[in-house]
Structure formats: C-alpha cells, structure tokens
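Accompanying notes for the structure given below.
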Amino acid sequence: MRKITLQTPLDMHIHFRDNEMLNLVAPLTAKTFSGAVIMPNLVPPVTTKEAVVSYKQRILKAIGDEKFEPFMTLFFQKYNKEFLESVKDDILAVKLYPAGITTNSESGVSSIDSVELKETLDAMVELNIPLCVHGETNGFVMDREKEFMPVYESLARDFPKLTIIMEHITTKDAVELLDKYDNLYASITLQHLIITLDDVAGGMLKPHLFCKPIAKRYEDRDALLKVAIEGHPKVMFGSDSAPHPKHKKEACGCAAGVFTAPIALQVLVDLFDKNNALDNLSAFISENAFKIYDINPPKKEITLVEKEFTVPSSYSNETENVVPMYSDEVLAWSIQE
Ligand code: DOR
Ligand code: ZN
C-alpha cells in the first residue's frame with residue numbers, strides 16, 4: 001500500500017463559524033492540518049481586538065489538545081494605524097469583502113478605491129499586515145471575478161509594498177494577473193481545481209457544490225490546476241471550506257459554500273498523484289504559504305495511505321448537521337489514524 005507523509009499542511013482560508021458549528025467543524029480541520037487562516041465573517045463580523053482574541057479562544061477550546069494554530073483575521077473596515085498597531089500581534093491578515101457579495105458580508109466595503117482606503121492600507125503596509133480580498137463585483141455571476149481584475153491591478157500598483165492575496169481564485173484571468181505584479185498572490189480551493197459550472201448546474205442542480213465565486217469554465221479550471229500542480233510559488237491552498245446546515249443548502253434559497261474540511265487532504269493527494277505532481281504538493285499546501293506570510297506554524301506530520309475512504313453522508317452533533325463534498329462517495333486515499 002502506498003503511503004505519503006505531509007509536513008505541516010496548512011489551509012490558508014477557512015470558515016469555522018461559531019458555537020455548535022465551530023465545535024463540529026474545527027476539530028475536523030485541526031486533525032489534519034497544522035494551521036489555518038480563519039475568516040472573520042461571523043455575525044457580527046470580527047472587527048475589534050476583543051472579538052479576535054475571544055474568537056481565537058473559542059477555537060482553541062473547540063479543538064482541544066490538537067496541535068493546531070488558528071491564524072486570525074480581521075474583517076476589513078476603515079481602521080487607523082493606532083488600532084491596527086494594537087491588534088497586529090493577534091492577527092495574520094485583514095480580509096476585505098465588497099459589501100453584500102457573499103455570506104455575512106453586508107458590512108463590507110461599498111467602494112474599493114485607493115484614495116478612500118488609503119489611510120488603512122498605508123497603515124497595513126507600515127505594519128506589514130497582508131490584505132486578503134474576496135475579488136468579485138456585483139455583475140453577471142460568471143464575470144464577477146474577471147470584472148474585479150482592474151481593482152486588483154490598482155491596489156497592486158497604488159500599494160506596491162502591500163501583500164495582496166486574491167482569495168479563492170476561479171478564473172484564468174486571475175491566474176494571468178499573478179505574474180504581472182510582484183505583490184499579488186492567490187489562494188485556490190479544492191473544488192475549483194476539480195469542478196466547473198457543469199458540475200454545479202449542468203445536470204441535476206448540486207447545492208453542495210454551490211459557492212461564491214461560482215465554479216467557472218473548463219479553461220479556468222485547467223489554468224488553476226496548472227499553477228497548483230506545478231507548485232507555482234505565488235499560489236497556496238485555501239479550502240474556503242464553508243459549512244452551512246444541511247437545511248440551508250437543500251433549500252430553495254441555497255446558501256453559498258462547499259464543506260471540504262474533512263476530505264481536503266485525501267482528495268488533494270489523489271489529484272496531485274493523478275497528475276504526477278506529488279512532488280509539488282508540499283509547495284501548494286505548506287511551503288508557499290510559509291514564505292508568502294512569513295509564518296512558522298507548529299510542525300506536524302500527517303500520513304495518508306492509499307486505502308479507500310467512504311465519505312460520511314454528513315457530519316453532525318446535537319444541533320448541527322453538515323454535508324461534505326463527495327458525501328457517500330469513496331475516495332482513494334485515507335488519513336492514517
Ligand atoms: O461560498 C462561499 N461561502 N463564499 C464565500 O465567500 C463565503 C462563504 C461562507 O462564508 O459561507
Ligand atoms: Zn471564504
């Protein structure tokens with residue numbers, strides 16, 4: 001049986017939520033990853049030092065004894081330098097959402113304008129705090145990311161010393177932008193390396209594959225896969241695992257988000273293996289992120305074995321019930337217990 005040992009895998013974009021959902025999902029990530037970047041789109045969003053610190057404590061409580069570093073983020077608002085200085089040691093990055101673009105982003109930024117956001121972004125440069133961005137306009141759903149490219153370009157040009165992470169990129173346009181600006185980086189999810197809009201809506205509608213940004217065309221998926229499997233130094237794995245209760249996914253207004261936390265590593269190993277790229281997996285899931293963010297997470301070895309794993313229909317506790325991607329399907333690799 002083949003085995004592969006991964007050193008210190010990281011998930012650079014995840015939604016842990018709060019309360020019973022947090023208690024259900026956080027241990028699943030902490031079991032297989034050494035650290036993760038925790039998104040701040042709670043209700044209300046994480047915008048104060050107290051909120052960051054107490055959320056981190058709730059996460060650490062939820063994961064128990066597992067060796068795992070939650071890298072906290074702050075929800076972007078117009079912050080001054082004094083405030084950012086006070087919170088700098090508690091966060092890894094600030095996450096910018098255009099207002100209303102996705103789950104719990106109502107208090108995001110209504111106009112992403114370099115002049116308007118100058119004070120905050122200048123302070124982030126001075127304090128060396130990266131900016132993570134959900135890059136979509138409110139245009140036609142298939143064009144939202146492409147239409148956002150000029151915003152990334154002006155941010156990258158106007159703030160050349162700001163580290164900018166284009167989160168969960170889904171298009172070849174975003175891939176092409178990566179090499180045009182030294183300070184632009186990207187995270188890529190699991191689902192966007194695998195599916196296209198056809199998988200979501202080409203046959204029977206698949207609510208558990210519906211997320212923002214929506215999966216795009218084959219040429220987009222292929223461009224993402226190419227940079228991931230070649231271990232391109234500016235891309236890193238960020239699952240965007242986004243749990244919603246089953247009844248909110250299997251509903252006539254389906255919440256956006258794909259829950260991949262419990263299957264991400266198993267599927268990534270299979271995907272890189274099938275593309276003869278296992279040698280580049282550590283760049284994608286660990287080393288690139290170490291360098292981009294200058295972090296040194298707790299060392300952790302995770303071994304996977306080429307042994308079938310049947311994905312549970314759902315993960316649940318007393319109050320929550322979430323359906324993972326590939327529920328009830330059989331994966332080729334499992335985590336060695
Ligand atoms: O599909 C998504 N779900 N995209 C996001 O940007 C947010 C996320 C969520 O929080 O559910
Ligand atoms: Zn997200």
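The values are calculated or read from the model by the stated rules, or taken from the named source; none is laboratory data. Computed from a predicted structure; not experimentally measured. Cβ sites come from the backbone with ideal geometry, for glycine too, and all protein chains shown count toward neighbours. SASA here: full protein model, heavy atoms, side chains in, ligands and nucleic acids out. Shrake-Rupley method; radii C 1.70, N 1.55, O 1.52, S 1.80 Å.
Local charge sum around residue 19 (other residues, Cβ-Cβ under 11 Å, Lys/Arg +1, Asp/Glu -1)? All intermediate terms of the calculation are to be shown ahead of the outcome.
Working: positive: 17, 58; negative: 18, 20, 320.
Net of charged neighbours comes to -1.
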Practice task
With viscosity set to 1.306 mPa s and temperature to 10 °C, compute the Stokes-Einstein D of the chain, Rh being the Kirkwood radius across alpha carbon pairs; µm²/s, no decimals.
Solution key: 80 µm²/s
Fill in the blank from the handout: Among beta bridges assigned by DSSP with both residues in the chain, the antiparallel ones amount in percent, to the nearest 5, to 30 percent
Exercise for the section: Only Cα pairs under 8 Å and at least 6 apart count here; give the relative contact order of region 3-335 as a rounded whole percent. Expected result: 20 percent
Practice task
Please give the calculated 222 nm ellipticity per residue for the chain, where each DSSP H segment of at least 4 residues contributes -39500 (n - 2.57) and the sum is spread over every residue; nearest 500 deg cm²/dmol?
Solution key: -9000 deg cm²/dmol
Completion exercise
For residue 71, other-chain or 5+-apart residues with amide H closer than 5 Å (H placed, Pro excluded) are 36, 37, 38
Exercise for the section: Calculate, in nm to one decimal, what residue 316 and residue 43 gain on full extension: separation in residues at 0.36 nm each, minus their alpha carbon distance. Expected result: 96.1 nm
Completion exercise
Computed ³J(HN,Hα) along region 188-202: with the Karplus parameters 6.51/-1.76/1.60, θ = phi - 60°, integer Hz and x for glycine or proline, the list is 10, 7, 6, 4, 6, 7, 10, 9, 10, 4, 4, 5, 7, 9, x
Problem - Where labels lie 7 Å past Cα in the beta-carbon direction, separation of residue 61 and residue 88 in nm - result: 3.0 nm
Exercise for the section: Over region 3-335, give the accessible area per residue in Å² for a 1.4 Å probe, as an integer. Expected result: 41 Å²
Exercise for the section: Would you rank 216, 246, 291 by solvent-accessible area, highest first, keeping every protein chain in place and using a 1.4 Å probe? Expected result: 291, 246, 216
Problem - residue 230 accessible area, assembled protein chains, probe 1.4 Å, Å² - result: 80 Å²
Completion exercise
Classified through the alpha carbon gyration tensor (a ≥ b ≥ c as square roots of its eigenvalues; rounded if a/c is under 1.5, else prolate when a/b is larger than b/c, else oblate), region 1-154 comes out prolate
Exercise for the section: Return the carbon/sulfur percentage of the accessible area of the chain, one whole number, probe 1.4 Å, all protein chains in place. Expected result: 49 percent
Exercise for the section: For the chain, set up a Gaussian network in which alpha carbons nearer than 10 Å are linked by springs, and say which option among 11, 113, 270 fluctuates the most. Expected result: 113
Handout entry: Under the Debye formula (equal points on every Cα, no solvent term), log10 I(q)/I(0) of region 76-179 at q = 0.18 Å⁻¹
Key = -0.87
Problem - Solvent accessible area, Å² - residue 58, 1.4 Å probe, full protein context - result: 90 Å²
Problem - Whole-percent pair-distance distribution, where bins are 10 Å wide, for the alpha carbons of region 135-275 - result: 12, 41, 35, 12, 1
Practice task
Enumerate the calculated ³J(HN,Hα) couplings along region 318-328 in order (Karplus 6.51 cos²θ - 1.76 cosθ + 1.60, θ = phi - 60°), each rounded to whole Hz, writing x wherever the residue is Gly or Pro.
Solution key: 4, 10, 10, 8, 10, 9, x, 4, 6, 4, 6
Practice task
Could you pull the accessible area for residue 229 with a 1.4 Å probe, rounded to 10 Å²?
Solution key: 30 Å²
